[in-house]
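To keep things clear, I will list the structure first and then write my remarks on it.
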Amino acid sequence: MIELPVDLPAELVPLSWLLGVWEGSGVIDYVIGDDSVTHEFGQRISFSHDGLSHLNYTSSTWLFPVDPDTETTPLVDEMGYWRISRPLGDGDAGPGMLPATGTRPFTNPAAVETLRNDAGGFDIEVSLVHPDGVSELYLGQVKGPRVDLATDAVMRTQGAKPYAAATRLYGLVDAHLLWAWDIAALGQELRTHASARLAKVE
């Protein structure tokens, strides 16, 4: 059973099953030239909210050593924001640090229901930033305990490695958060990259 925080904004109810801290392990499986890179990793993901109409997201990963007597190796981090896709108006803060000037919209379940799409889910936007110079904007939908995402835009700094597109899938299965991530990188077409199974720890 999913317990909703009493201060949860109504807009976040469709994403509420993601809230919390999740930890577990997964596998990287990616082909580079004639070689296949396969490695087990650990991951800790946090979804939280600060009373606004978005989820805060952070992820940290580390490689498990081949030698069990060796320490784990930090891998990559990412952070970002998840929100229901809708036009922003006077009741929303921004741009920049400008405060809202109107009544906050979508503050009750009936109002949020008007945002449901033709497929019965809710369109969402996910912005992610990586420390290696890559920023991603994903568009997709949440429908029940499942999220499907595909990049709408990828920005890279001059020194970042080639990375063109990605898709991500998240789902709640037997009280575990399962995800899969496909990427088009290093001059290749979209292909399997990594997946994991995480348990809720907080």
P(r), alpha carbons of the stretch 56-137 - 10 Å bins starting at zero, rounded %
14, 29, 28, 16, 9, 4
What is the packing order of peptides 141-149, 167-175, taking the mean over residues of other C-beta atoms within 10 Å and listing the highest first?
141-149, 167-175
With an 8 Å Cα cut-off and a minimum separation of 6 or more residues, compute the relative contact order for the chain in percent.
19 percent
Could you look at the chain and say what percent of its accessible area is carbon and sulfur, using a 1.4 Å probe and all protein chains?
57 percent
Heavy-atom accessible area per residue of the chain, all protein chains kept, 1.4 Å probe, expressed in Å², is 57 Å²
In whole Å, largest first, the alpha carbons of the stretch 4-70 cover along the principal axes 49, 31, 15
Separation in nanometres of the label points that stand 7 Å from Cα toward Cβ, at ALA164 and TYR81
3.0 nm
Inter-label distance, nm, simple model (7 Å from Cα along the C-beta direction), ALA119/VAL173
1.8 nm
Counting each DSSP H run of 4 or more residues in the chain as -39500 (n - 2.57), what helix-only mean residue ellipticity at 222 nm follows after dividing by all residues, to the nearest 500 deg cm²/dmol?
-500 deg cm²/dmol
Nitroxide proxy distance, nm - points 7 Å out along Cα→Cβ at ASP29 and LEU139:
3.1 nm
Show me, bin by bin at 5 Å from 0, the whole-percent P(r) of the chain based on Cα pairs.
1, 7, 13, 18, 19, 16, 11, 8, 4, 2, 1, 0
What figure, in Å² to the nearest 10, do you get for the accessible area of SER36 with a 1.4 Å probe and non-protein molecules left out?
80 Å²
Using alpha-carbon positions, the gyration tensor of the stretch 93-142 gives root eigenvalues a ≥ b ≥ c; with a/c under 1.5 called rounded, otherwise prolate if a/b exceeds b/c, else oblate, the class is oblate
Everything considered on the Cα gyration tensor (a ≥ b ≥ c; rounded for a/c under 1.5, else prolate if a/b is larger than b/c, else oblate), the stretch 146-202 must be described as prolate
Looking at the square roots a ≥ b ≥ c of the eigenvalues of the Cα gyration tensor of the stretch 98-201, which shape do they give, rounded for a/c under 1.5, prolate if a/b is larger than b/c, or oblate?
oblate
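The values are calculated or read from the model by the stated rules, or taken from the named source; none is laboratory data. Note that this is a predicted model, so its numbers are computed, not measured. FYI the Cβ positions are ideal-geometry reconstructions off the backbone, even for glycines, and counts take in every protein chain you see. What goes into the accessible areas is simple: the full protein's heavy atoms, side chains included, and nothing from ligands, DNA or RNA. Shrake-Rupley method; radii C 1.70, N 1.55, O 1.52, S 1.80 Å.
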